[in-house]
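For reference, the structure discussed in these notes is given below.
The values are calculated or read from the model by the stated rules, or taken from the named source; none is laboratory data. Please read all numbers here as calculations on a predicted model, not as lab measurements. Here the Cβ positions follow ideal geometry from the backbone for every residue, glycine too, while neighbour counts run over all protein chains shown. Just so you know, the surface numbers come from the protein's heavy atoms only, side chains and all, with ligands and any DNA or RNA stripped out. Shrake-Rupley method; radii C 1.70, N 1.55, O 1.52, S 1.80 Å.
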Amino acid sequence: MEFVIYEAEGQIGIITINRPKALNALNSQVLRELDKVLGQVDTDTVRVLILTGAGDRAFVAGADISEMSTFTKEEGEAFGREGNNIFRRLETFPIPVIAAVNGFALGGGCELALSCDIRICSEQAVFGQPEAGLGITPGFGGTQRLARTVGTGMAKQMIYMAKNIKAEEAYRIGLVNAVYPQEELMGAARKMAEGIAGNAPIAVRNCKKAINEGLQVDMDQALVIEEHLFGTCFETHDQKEGMGAFLEKRKEKHFINR
Ligand code: CO8
């Protein structure tokens with residue numbers, strides 16, 4: 001693969017969008033490679049993914065403007081569909097995904113981060129949806145996920161004004177969970193990933209599913225989704241291990257993803 005790197009470090013997988021000359025902009029090839037990489041993640045072993053951008057300037061500076069500039073309506077829709085399908089695959093990926101935003105996260109880059117479960121960033125990160133200034137709408141889920149993450153008022157302000165915001169503002173509005181010095185970002189992402197990976201993997205997956213799917217339906221249905229996922233945990237080895245460790249006053253737990 002030319003533009004996407006995947007490294008598995010034990011229970012943590014790291015995906016790096018690697019097109020630094022174009023500030024990691026997403027062209028069709030990058031999107032296809034990202035899709036392919038997701039298919040290669042061994043979710044029996046890997047419990048958490050970290051997604052970041054290569055170099056020290058950009059997470060992803062958007063969809064590739066030179067590729068999009070000559071699109072017809074049909075090509076625009078097809079490109080939007082391709083991106084949406086892949087971002088949705090990431091959003092519903094069985095294990096949690098942490099976006100480690102190390103620089104520009106603009107347009108499709110902000111949308112990519114929004115498709116992850118958790119966003120943390122470096123002090124030099126810049127977020128924005130510049131599309132309206134380019135004569136288009138956000139097309140990889142930004143109108144939907146930004147509004148769901150930071151609320152409609154702030155999302156509309158960011159999208160209508162096409163004005164970028166810095167890391168501290170992104171933190172203030174709840175777009176990211178934490179801001180770190182650039183050199184500490186990946187360490188912080190790994191530490192968070194290790195914290196998640198130390199818990200029962202099936203329970204964590206079920207939590208992700210319950211939150212994601214529950215937010216799509218009304219509260220009564222959402223609680224049924226939770227009840228079902230809660231119940232299935234009791235069929236797992238790891239529930240017996242987790243509760244057994246508590247009852248035996250044992251600190252070490254051996255979760256085996258079964
Ligand atoms: N697309 C293509 N190339 C890009 C992109 C991009 N989004 N962003 C940066 N690059 C390229 C530049 O063209 C430049 O290439 P070259 O060296 O060959 O000229 C290289 O990266 C470095 O960029 P700059 O020289 O511009 O670097 P600066 O430090 O001066 O500026 C910025 C950095 C501010 C990030 C600037 O590059 C910029 O504004 N980039 C565009 C950001 C943007 O508007 N992104 C949103 C794009 S639209 C989008 O993402 C829509 C998503 C949904 C699509 C749905 C389709 C249907």
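A count restricted to the range 138-159 and to residues that are of a type in the set (Val, Ile, Thr), in contact (Cβ under 8 Å) with a residue 24 or more places away in the chain and within 15 Å of the ligand (Cβ to nearest atom) stands at 1.
Only residues that are over 14 Å from residue 106 (Cβ atoms) and either near the ligand (Cβ under 6 Å from one of its atoms) or open to solvent by less than 20 Å² (accessible area, probe 1.4 Å) (or both): list them for the range 58-75, please.
Of all residues in the range 58-75, those over 14 Å from residue 106 (Cβ atoms) come to 66-67, 69-75.
Within the range 58-75, just 66 meets the criteria.
Look at (1) crowded, with 19+ Cβ neighbours inside 10 Å; (2) outside any helix (DSSP H, G or I) and you find that residue 193 fails only one, number (2). Screening the range 3-42 for residues that are within 16 Å of the ligand (Cβ to nearest atom) and open to solvent by 60 Å² or more (accessible area, probe 1.4 Å) and picking the one that is farthest from the chain's Cα centre (by Cα) gives 21.
For the residues 111, 131, the requirement of being more than 12 Å from the chain's Cα centre (by Cα) and not hydrophobic (A, V, I, L, M, F, W, C) singles out 131. Restricting the range 103-137 to residues that are open to solvent by less than 10 Å² (accessible area, probe 1.4 Å) and of a type in the set (S, T, N, Q) leaves a set whose member that is farthest from the ligand (Cβ to nearest atom) is 122. Of 188, 200, all but one fail to be farther than 19 Å from residue 94 by Cβ and either touching a His at 6+ places or on another chain (Cβ under 8 Å) or of a type outside the set (Val, Ile, Thr) (or both); the exception is 188. If you go through the range 52-84 and pick out every residue that is touching a helix residue (DSSP H, G or I) at 6+ places or on another chain (Cβ under 8 Å) and farther than 17 Å from residue 6 by Cα, you end up with 15.
Among the residues that make up the range 130-138, is at least one of them out of contact with any His (no Cβ under 9 Å at 6 or more places or on another chain), assigned to a loop (DSSP other than H, G, I, E, B) and of a type in the set (A, V, I, L, M, F, W, C)?
Going through the range 130-138, the residues out of contact with any His (no Cβ under 9 Å at 6 or more places or on another chain) turn out to be 130-138.
Okay, now just the ones that are also assigned to a loop (DSSP other than H, G, I, E, B), so 130, 135-138.
Going one step further and asking which of them are of a type in the set (A, V, I, L, M, F, W, C), we end up with 136.
Yes, that holds for at least one residue.
Of the residues contained in the range 76-95, one or more are found to be under 18 Å from residue 34 (Cα atoms), without any contact (Cβ under 8 Å) to a residue 12 or more places away in the chain and within 10 Å of the ligand (Cβ to nearest atom).
Considering only the range 212-231, I want to know if a residue exists there that is part of a helix (DSSP H, G or I) and under 23 Å from residue 15 (Cα atoms). The answer is yes; a qualifying residue exists.
Beta carbons closer than 8 Å, at least 6 apart along the sequence or on distinct chains, pair a first residue in the range 235-258 that is on the phi < 0 side of the Ramachandran plot with a second that is of a type in the set (Phe, Trp, Tyr) and at pLDDT 95 or above for 238/255; 241/255; 242/255.
Among the residues of the range 202-229, the ones that are among the polar types (S, T, N, Q) and open to solvent by 100 Å² or more (accessible area, probe 1.4 Å) come to 1 in all.
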